[in-house]
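First up is the structure itself, then whatever we jot down about it.
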Amino acid sequence: MAEYLKRGTSAEVRAAADRKVRDTVEATLADIEARGDAAVRDLSIKFDGWDREDYRLSQAEIDDCLNALTAQEIKDIEFAQAQVRNFAQYQRESVKDIEVETLPGVVLGHKNIPVNAAGCYVPGGKYPLLASAHMSVITAKVAGVPRVITCAPPFEGKPARAIVAAQAMAGADAIYALGGIQAVGAMALGTETIEKVDMLVGPGNAFVAEAKRQLFGRVGIDLFAGPTETMVIADESVDGEICATDLLGQAEHGPDSPAILITNSRKLAEETLREIERLLHILPTADIAARAWESYGEVIVCDDYEEMCKVADFYANEHVQVMTRDPDYFLKNMTNYGALFLGPRTNVAYGDKVIGTNHTLPTRKAARFTGGLWVGKFLKTCTYQRVETDEASALIGEYCSRLCALEGFAGHGEQANVRVRRYGGRNVPYAGAAEALAPVR
């Protein structure tokens with residue numbers, strides 16, 4: 001039976017915090033919808049200390065950001081973007097349009113049509129997360145989205161140069177220096193200067209995630225992506241240092257980032273706890289990581305792989321680092337996760353930054369019903385049908401007529417009946433009178 005050596009904050013405490021976020025977001029989105037650019041500007045000044053007449057960056061400002069990077073920094077961004085683009089292109093090629101003749105004269109098909117406009121949010125309040133530009137903009141462009149705009153908050157009082165460069169290199173059509181609720185609200189609702197989009201994508205803090213949730217339906221969203229989650233599944237094939245490093249390496253995202261160790265070894269669990277304490281004295285981001293670990297860190301000791309897998313599926317975490325003698329056991333048996341990182345040679349940071357898979361992944365148990373961001377999220381799979389012969393129309397019409405009668409849909413039935421009369425030569429009465437509503441027999 002699973003034993004908890006450490007637990008995070010209670011569900012009740014987390015729920016109370018969520019309620020505060022929901023109320024704040026609801027009021028803020030209402031303000032943006034009512035006042036447009038004026039509300040966006042007030043919010044930007046309040047939360048980011050950032051005041052401009054127009055938050056869209058000019059080409060000269062974009063060029064300044066690009067020119068501020070070293071040649072090596074540009075090469076590094078190009079390398080990461082090449083990996084993301086390459087994998088996204090393989091994904092796009094796996095998504096096929098189809099057209100099949102299911103019965104003689106009956107042709108069915110679907111087309112995969114990209115959305116017309118996507119808004120990509122790139123977080124950058126604490127850290128300039130330029131990798132999110134690769135993951136969102138490149139993926140949208142590979143999917144074929146015609147208009148892709150981006151928003152990222154300013155960093156230290158000016159446009160975040162690395163993020164802006166990455167957005168431009170990825171192919172963004174318009175780049176805005178805006179953060180938080182005001183950014184996603186402006187992209188989704190539209191303002192006097194920001195044309196609204198059809199879909200919002202990208203990770204963010206709890207307020208951004210909640211704003212996307214409340215806007216869903218008015219626009220599409222990629223998924224419900226809240227604070228970063230990481231889980232390490234490990235046995236004694238690895239040591240406490242590498243487990244602690246991988247847990248704290250993600251906990252530094254923010255004070256509300258869960259980090260969970262699941263193991264079948266009490267010895268490894270205790271060693272990892274000691275290593276976490278040691279690393280928190282030397283990690284430059286220890287202030288944030290320590291708060292996250294204190295409130296959201298958990299250590300769970302299980303009996304065997306089967307129980308480890310069961311517990312991991314219950315949590316349905318965003319990032320799952322598997323470091324066991326048989327990592328493929330978890331690849332085969334786990335069903336709820338955002339992304340798996342198999343073996344000690346890989347890690348979540350590779351996925352976050354450079355390896356090529358997308359790092360925008362489901363959190364808060366959304367992995368039970370969705371995967372992460374990929375080209376398919378930007379595509380609408382739209383069906384069509386064509387009946388090519390009189391015989392096929394009459395055949396389908398007779399079945400349709402009888403099925404409509406079972407449901408009491410007389411008008412639907414007459415759509416079928418009129419075609420049976422015209423194309424099948426059957427004397428089916430017109431459905432204008434009650435006695436004529438009987439289905440074709």
Point to revise | Gained length - Tyr350 relative to Glu73, 0.36 nm times residue gap less alpha-carbon distance | key: 98.0 nm
Revision key, fill the gap. Once normalised by the length of the stretch 18-128, the mean sequence separation of its alpha carbon contacts under 8 Å that are 6 or more apart gives a contact order in percent of 9
Check your understanding: How much space per residue, in cubic angstrom, does the convex hull of the C-alpha atoms of the chain take up?
Key -> 201
Check your understanding: For the stretch 329-406, what class follows from the C-alpha gyration tensor (a ≥ b ≥ c being the square roots of its eigenvalues): rounded when a/c is under 1.5, otherwise prolate if a/b is larger than b/c, else oblate?
Key -> prolate
**Study point:** Within the stretch 1-56, GluC sites (Glu not before Pro) in DSSP loop having at most 14 other beta-carbon neighbours inside 10 Å
**Key:** Glu53
Check your understanding: Roughly what % antiparallel, to the nearest 5, for the DSSP beta bridges in the chain?
Key -> 35
Practice item. Could you pull out every residue, at least 5 positions away or on a different chain, whose amide H is within less than 5 Å of the one on Glu229? Hs are placed 1.01 Å off N in the peptide plane, and Pro or chain starts have none. Key: Glu318, His319
**Study point:** Net length gained if the chain between Leu108 and Phe216 were fully extended (0.36 nm per residue, minus Cα distance)
**Key:** 35.9 nm
Practice item. First check a/c for the stretch 158-255, with a ≥ b ≥ c the square roots of the eigenvalues of its C-alpha gyration tensor; if it is under 1.5, answer rounded, and if not, answer prolate when a/b is larger than b/c or oblate otherwise. Key: prolate
**Study point:** Dimensions (Å) - the stretch 235-280, Cα atoms, principal axes, largest first
**Key:** 29, 19, 13
Practice item. In nm, give the distance between the simple-model label positions of Asp239 and Gln385, each being 7 Å from the Cα along the Cα-to-Cβ direction. Key: 6.5
Study note, to complete from the structure: quick shape note, the stretch 271-369: Cα extents on principal axes in Å, largest first -> 38, 34, 27
Review point. Under a 1.4 Å probe, what is the accessible area of the chain per residue, stated in Å²?
Key: 48
Exercise for review: Quickly rank 86-97, 129-140, 291-302 as a protection proxy: mean count of other C-beta atoms within 10 Å, highest first.
Suggested key: 129-140, 291-302, 86-97
Review point. Full extension from Asp51 to Glu195: what is 0.36 nm times the residue separation minus their Cα-Cα distance, to one decimal in nm?
Key: 49.9 nm
Review point. Within the set Lys111/Lys212; Lys212/Lys380; Lys126/Lys380; Lys126/Lys377, which residue pairs have Cα atoms separated by over 30 Å?
Key: Lys126/Lys380
Study note, to complete from the structure: With the stretch 161-205 reduced to its Cα atoms and the Debye formula applied, log10 I(q)/I(0) at q = 0.16 1/Å amounts to -0.46
Practice item. Just need the relative contact order of the chain here, percent rounded to a whole number, with Cα pairs under 8 Å and 6+ apart. Key: 18
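The values are calculated or read from the model by the stated rules, or taken from the named source; none is laboratory data. Note that the coordinates shown come from a computational prediction; the quantities given were computed from them, not determined experimentally. Note that each Cβ is placed from the backbone with ideal geometry, even for glycine, and that neighbours are counted across all protein chains shown. For accessibility, only protein heavy atoms count, side chains too; no ligands or nucleic acids. Shrake-Rupley method; radii C 1.70, N 1.55, O 1.52, S 1.80 Å.
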